[in-house]
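Undergrad: Got a structure for you, questions after.
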Amino acid sequence: MDDERLKDLFKTALREVLEERKDILRDVIEEVLEDIALARAIDQGQRTEEASRSKVFSILEGGH
């Protein structure tokens, strides 16, 4: 089997899976977006001032 034929078969199989199982593609996209959001949050957190433990718990308990 030559490379071009194998490539076509793979594309066809992938296309069929994605058409039949759109939930798989949706899950992958959600994971990617979550990873991007987490990376941005980490980057932003590294550029901000550190907060004390008591300040963090005060915010979590509803205080400011």
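The values are calculated or read from the model by the stated rules, or taken from the named source; none is laboratory data. Source: prediction; values computed, not measured. Here the Cβ positions follow ideal geometry from the backbone for every residue, glycine too, while neighbour counts run over all protein chains shown. Each accessible area value is taken on the protein alone, full model and side chains, heavy atoms only, with ligands, DNA and RNA left out. Shrake-Rupley method; radii C 1.70, N 1.55, O 1.52, S 1.80 Å.
So that you can scan it fast, the table gives a plain yes or no per residue for (1) assigned to a loop (DSSP other than H, G, I, E, B); (2) hydrophobic (A, V, I, L, M, F, W, C); (3) open to solvent by 100 Å² or more (accessible area, probe 1.4 Å):
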{"residue": "E19", "(1), (2), (3)": "no, no, yes"}
{"residue": "L25", "(1), (2), (3)": "no, yes, no"}
{"residue": "D35", "(1), (2), (3)": "no, no, no"}
{"residue": "Q44", "(1), (2), (3)": "no, no, yes"}
{"residue": "A51", "(1), (2), (3)": "yes, yes, no"}
{"residue": "V56", "(1), (2), (3)": "no, yes, no"}
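Undergrad: Just checking, how many residues over region 1-17 are among the charged types (D, E, K, R) and surrounded by 10 or more Cβ atoms within 10 Å (Cβ to Cβ)?
TA: Counting residues in region 1-17 that are among the charged types (D, E, K, R) and surrounded by 10 or more Cβ atoms within 10 Å (Cβ to Cβ) gives 5.
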